[in-house]
1. Ignoring ligands and nucleic acids, what accessible area does Val122 show with a 1.4 Å probe (Å², nearest 10)?
2. For semi-axes √(5λ) of the Cα gyration tensor in Å, which listed value, [x] 32, 20, 16; [y] 23, 20, 16; [z] 26, 22, 15, comes from the coordinates shown?
3. If you plug each phi of the range 99-113 into the Karplus form 6.51 cos²θ - 1.76 cosθ + 1.60 with θ = phi - 60°, what whole-Hz ³J(HN,Hα) values come out, in order, with x for Gly and Pro?
4. Find out how many positive minus negative residues lie around Cys15, taking Lys and Arg as positive, Asp and Glu as negative, among other residues whose Cβ is under 13 Å from that of Cys15.
5. Order these peptides, 167-174, 106-113, by their mean beta-carbon neighbour count within 10 angstrom, highest first.
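The values are calculated or read from the model by the stated rules, or taken from the named source; none is laboratory data. Everything numeric in this text was worked out from a predicted model, so none of it was measured. With ideal geometry, Cβ positions are generated from the backbone for all residues, glycine too; neighbour counts draw on all protein chains shown. Note: areas computed on protein heavy atoms with side chains; ligands, DNA, RNA excluded. Shrake-Rupley method; radii C 1.70, N 1.55, O 1.52, S 1.80 Å.
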Amino acid sequence: MAEVKYRQIAELTACEIAAARAYGAESGLVHLAVQADHSLVLKSFELYQEFLQSKKLVALKRATELRYELAAAATLYSGHGNGVGVVGALGHSEDRFFKGMTWQYRGPTSATTHKSVADNFVRTRANSSRDTPVLLEFRLPAGFRLLPMAVLGADFTHEAECLIPPGLPFVINAASRVTVEDGQDVLHLVLVPK
């Protein structure tokens, strides 16, 4: 596996660093906010409300879009045990129907340079036999903007994680069903920027 090379375009601001560092602990709140889904936070709505007012979503968006870019083409992976958040109700469709479709997510997408890390997310988060786990493979060109989490320090290097900016459209170039470790029937989508 080739090392992913990236270059800095501009310095991260203090607010962007804080938002990126908080992403791991608050990623659930980030994804609830971008999906406008309040159903899971009714018991602790005050915490959710504080998060929305913190401006971390805006700072995270800026950090992923403006501060770093790939110095060379790279492949990143994102593993999801629960396919509903990735492909909605389409998870049980035949593979061939996905090819040529546009994939787009309103929030930042956590991806890794190590396929084994993404595979582990698929394996450990697949809780229901009725759902379709999804493995996303992003094939990205040089110059693609993202946030390599390793720039935040040694504590952020263990997953070789990068955050892909929110809202970008990708074309599904290929779709198949694969086995990831002991999990069968994993939907594998190969994505390229539109």
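1. Rounded to the nearest 10, the figure is 0 Å².
2. Label of the calculated value: [z].
3. These are the phi-based 3J(HN,Hα) values: 4, x, 6, 9, 9, 8, 10, 6, x, x, 10, 7, 9, 9, 7 Hz.
4. Net of charged neighbours comes to +4.
5. Values: 167-174: 15.9, 106-113: 21.1.
Top of the packing list down: 106-113, 167-174.
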